[in-house]
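In what follows, a single structure is set out as structure tokens and then discussed.
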Amino acid sequence: MSDIEKDIAQEAVLTEEEQRKQDFLADVDKSLVRIHNGQTLTGTVVQVTEDEVCVNIGYKSDGIIKREDLVVKDVKLGDEIEVEVVKVNDGEGNVLLSQRNIINRKAWDALMEKYENGEYIDAVGKEAVKGGLIASADGVRAFVPASRLALHYVDKIGQFVGQPMKLKIIDVDKQKKRIVASRKDVLIEESAAKKAAAWEKLEEGAVVKGIVRRFADFGAFVDLGGVDGLIHVTDLSWGHVNHPSDVLSVNQEIDVKILSLDRERERIQLGYKQLQPKPWDNIEEKYPVGTVLERPVVRIRTFGAFIELEPGVDGLVHISQCALNRVGKVEDVLSVGQVVRVKVLNVDPEAKRISLSIREVLADEAMNDEVPMDIPGDTFEEAVEDAAETAAEAVEEAAEAVAEEPEAPQAE
């Protein structure tokens, strides 16, 4: 074989080998994934250093994740992790990857889904800024205007920093991936739902537990678990009440009876005294005729004075029974708040009336030499005789006076 033929043969062999090499490289290239910025891949950790993690993503060169872009910090060799391509070539032939971008994107997508469905998001207050609060919802920045932080005006926004809270997204900036949210809307909706649930459980005549929240001159407001009811001052006690705080205290838990429900106007009338013993029950046994008591004067009228025997039970001393001698005005011998000794003359449970006498007590004490017997205008004997003759008459007059007295307490 000539030298020319040998050269031609050798060249043919080299060309065939080169072709096989090119074919092999083409096959390898086909087996490698094609990547682009923003692409999500699953790779295998092949090297871990203090500053970065090297991940095999099936590309011609491995990818690198910097520690600050790594969410799972304790990765080890052989772990499969999901990564995002940040840059195919960083200028040095390296593929830059990030794990954090994936987490942030998933968090954003989840928030957007909740936004579209009208659901609440969980967040934590991060920083008080001018006009409101910066909160973080799974790493996504959320701005809460000051007017949307609470049901009422908030003076110190800083109190919400570090506090977990539920928010409702009210506006979205998809380009900057920022949201505007409201805590107030959540509170309003939760309150409405709680109120609706509470109303469903209420019915007239039922006895329920409640917590006293605040007072007004006309009564006490009680929280029934999402809705407030009012105990009018007249339903606090069987006796006269000057102010609700005389009977109850704020934050006190009590049993109350639902007297009426007005669902349309959202008003609930409650009763407290209705669950207490009625003062007029067994009244004849508590105050038998002839009993002498020491009690205060609570009201004075032209026809006599009302004496409080116990809360809810007043008796009347008719003007003719206020003293041993006849008096022109009750105020001449008695005053409100004065404690006097009285004798029970008559008890009428049905009419809820009790007739009392100071005069008979004085007469009895005079006969026992317990008080001086100098009675102007009358001799002692005449006074005693007159007291005995007018006792029955005083009972009738007292009953008539009470019937005409509009302010006389009428226990129910």
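Counting only residues that are loosely packed, with under 13 Cβ neighbours inside 10 Å and within 16 Å of the chain's Cα centre (by Cα), which one in the stretch 195-212 is farthest from Glu264 (Cα to Cα)?
Lys209
Inside the stretch 310-344, can you point out the residues that are touching a helix residue (DSSP H, G or I) at 6+ places or on another chain (Cβ under 6 Å), part of a strand (DSSP E or B) and surrounded by fewer than 23 Cβ atoms within 10 Å (Cβ to Cβ)?
Across the stretch 310-344, the qualifying residues are Arg341, Lys343.
I'd like the residue in the stretch 168-194 that is of a type outside the set (Val, Ile, Thr) and more than 30 Å from Glu264 (Cα to Cα) and, out of all such residues, is surrounded by the most Cβ atoms within 10 Å (Cβ to Cβ).
The selected residue is Ala181.
If you check Ala142 against the conditions, is it assigned to a strand (DSSP E or B), among the small types (Gly, Ala, Ser), out of contact with any helix residue (DSSP H, G or I) (no Cβ under 6 Å at 6 or more places or on another chain) and in contact (Cβ under 8 Å) with a residue 40 or more places away in the chain?
In short, no.
So, Glu308, is that one in contact with an Asp or Glu (Cβ under 6 Å, 6 or more places away or on another chain) and assigned by TED's automatic domain parsing to the domain that holds Val342 or not?
The answer is yes for Glu308.
Can you pull out the residues in the stretch 237-252 that are closer than 20 Å to Lys278 by Cα and not in a loop (DSSP other than H, G, I, E, B)?
Pro244, Asp246
Taking the options Val292, Val297, name whichever one is touching a Leu at 6+ places or on another chain (Cβ under 7 Å) and either more than 20 Å from Leu202 (Cβ to Cβ) or small (Gly, Ala, Ser) (or both).
Testing whether each residue is touching a Leu at 6+ places or on another chain (Cβ under 7 Å) and either more than 20 Å from Leu202 (Cβ to Cβ) or small (Gly, Ala, Ser) (or both) leaves just Val297.
Which residues, counting only those in the stretch 31-87, are on the phi > 0 side of the Ramachandran plot and at pLDDT 85 or above?
Gly78
Quick one: would you say Leu230 is surrounded by 13 or more Cβ atoms within 10 Å (Cβ to Cβ), at pLDDT 90 or above, farther than 15 Å from Pro311 by Cα and over 21 Å from the mean Cα position of the chain (by Cα)?
For Leu230, the condition - surrounded by 13 or more Cβ atoms within 10 Å (Cβ to Cβ), at pLDDT 90 or above, farther than 15 Å from Pro311 by Cα and over 21 Å from the mean Cα position of the chain (by Cα) - is not met.
When you go through Gly162, Gly158 one by one, which is the residue that is in a loop (DSSP other than H, G, I, E, B) and farther than 15 Å from Ala181 by Cβ?
Gly162 is the lone residue from the list that is in a loop (DSSP other than H, G, I, E, B) and farther than 15 Å from Ala181 by Cβ.
Consider Leu111 carefully, then state whether it is surrounded by 16 or more Cβ atoms within 10 Å (Cβ to Cβ), over 21 Å from Val55 (Cα atoms) and outside the structural domain of Asp138 (by TED's automatic domain parsing).
Taking the combined requirement at face value, the residue satisfies it.
Looking at (1) at pLDDT below 90; (2) buried (at least 17 other Cβ atoms within 10 Å of the Cβ); (3) among the charged types (D, E, K, R), which is the one condition that is false for Arg148?
The one condition Arg148 does not meet is (1).
Only one residue in Leu270, Leu293 is part of a strand (DSSP E or B), under 30 Å from Lys209 (Cβ atoms) and either touching a strand residue (DSSP E or B) at 6+ places or on another chain (Cβ under 7 Å) or at pLDDT 95 or above (or both). Which one?
Unique residue meeting the criteria: Leu270.
List the pairs whose first member sits in the stretch 355-368 and is touching a residue at least 24 places away in the same chain (Cβ under 8 Å) and within 16 Å of Val344 (Cβ to Cβ), whose second member is part of a loop (DSSP other than H, G, I, E, B) and not aliphatic (A, V, I, L, M), and whose Cβ atoms are under 8 Å apart, counting only residues at least 6 apart or on separate chains?
Taking only residues 6 or more apart or on different chains, the pairs are Ile358/Cys322; Arg359/Cys322.
Restricted to the stretch 76-120, and to residues that are among the aliphatic types (A, V, I, L, M) and within 30 Å of Val186 (Cα to Cα), which residue is farthest from the chain's Cα centre (by Cα)?
So, considering only residues that are among the aliphatic types (A, V, I, L, M) and within 30 Å of Val186 (Cα to Cα), the one farthest from the chain's Cα centre (by Cα) is Ile102.
Anything in the stretch 133-144 that is surrounded by 21 or more Cβ atoms within 10 Å (Cβ to Cβ) and among the small types (Gly, Ala, Ser)? List them, or say none.
Those that are surrounded by 21 or more Cβ atoms within 10 Å (Cβ to Cβ) and among the small types (Gly, Ala, Ser): Ala135, Ala137, Ala142.
Would you confirm whether any residue within the stretch 108-118 is part of a loop (DSSP other than H, G, I, E, B), modelled with pLDDT of 85 or more and under 30 Å from Lys168 (Cβ atoms)?
yes
Among the residues of the stretch 317-347 satisfying the criterion of being on the phi < 0 side of the Ramachandran plot and small (Gly, Ala, Ser), which is nearest to the chain's Cα centre (by Cα)?
Ser335
Can you tell me which residue in the stretch 56-103 is surrounded by the fewest Cβ atoms within 10 Å (Cβ to Cβ), limited to those that are in a helix (DSSP H, G or I) and without any contact (Cβ under 8 Å) to a residue 40 or more places away in the chain?
By that ranking, first place goes to Glu68.
What residue, of Val347, Val342, Val313, Val336, is modelled with pLDDT of 55 or more and farther than 21 Å from Val289 by Cα?
Result: Val336 is the single residue among Val347, Val342, Val313, Val336 that is modelled with pLDDT of 55 or more and farther than 21 Å from Val289 by Cα.
Just checking, how many residues over the stretch 273-290 are within 22 Å of His232 (Cα to Cα), surrounded by fewer than 14 Cβ atoms within 10 Å (Cβ to Cβ) and touching a strand residue (DSSP E or B) at 6+ places or on another chain (Cβ under 8 Å)?
Number satisfying all stated conditions: 1.
The values are calculated or read from the model by the stated rules, or taken from the named source; none is laboratory data. Remember, it's a predicted structure, so these values are computed and weren't measured experimentally. Virtual Cβ from ideal backbone geometry, glycine too; neighbours counted across all protein chains shown.
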